[in-house]
Amino acid sequence: MRTLVQRVASVANLNEHSINPNSHWVNLKGSWTTNIVLIIVLRLLFGTIPWTTPELSWTLTNLSYCLFQYIMFHGIIGTPFEVNQGAYDNLTLWEQMDNGEQYTPAKKFLTVVPIIVFLISTHYSNYDVATFIINFTAVLIVLIAKLPAFHRVRFFGINMGQNDYN
């Protein structure tokens, strides 16, 4: 029977010294730089659209970056590689990072960056209430998915692997 909130079964026998090729790249400093470059490119791209104001450009940058992060780290489950006999098949990329350990440098960085982009977009929108609500909602959705309390938790059965249904 499906419930509102379900917890994914824990992964047994994960060797903490083995490297998961699907999530190892997030610990590299080049991926951190790529995140910053992506934000700059998004801002420049939205800034070149003739009818956009700086306020709208930053809001679109925030929304796009939050959508990108949510899909990339919380929306896709599994791994394209055959590692650990399917141990990562029902986990999102965020749950695979650092073998599920919380508060690692990569996870801290990927949590702080959306907050900074939100603060910048709020500042450049001159603290307009409607724009603030839009930006805040986007960053809130991304940040809630990153909370340790929601590690391996699925709402409404979304992202449940086939092995997780009873």
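The values are calculated or read from the model by the stated rules, or taken from the named source; none is laboratory data. What you are looking at is a predicted structure, and each value in this text was computed from that prediction instead of being measured. Here the Cβ positions follow ideal geometry from the backbone for every residue, glycine too, while neighbour counts run over all protein chains shown. Heads up: the accessible areas ignore ligands, DNA and RNA and are worked out on the full protein's heavy atoms, side chains in. Shrake-Rupley method; radii C 1.70, N 1.55, O 1.52, S 1.80 Å.
Okay, here's what the table says:
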item	result
Surface per residue (accessible, 1.4 Å probe) for segment 86-128, Å²	44 Å²
Rough spin-label spacing in nm, given labels placed 7 Å along Cα→Cβ, for THR53 and ILE134	1.1 nm
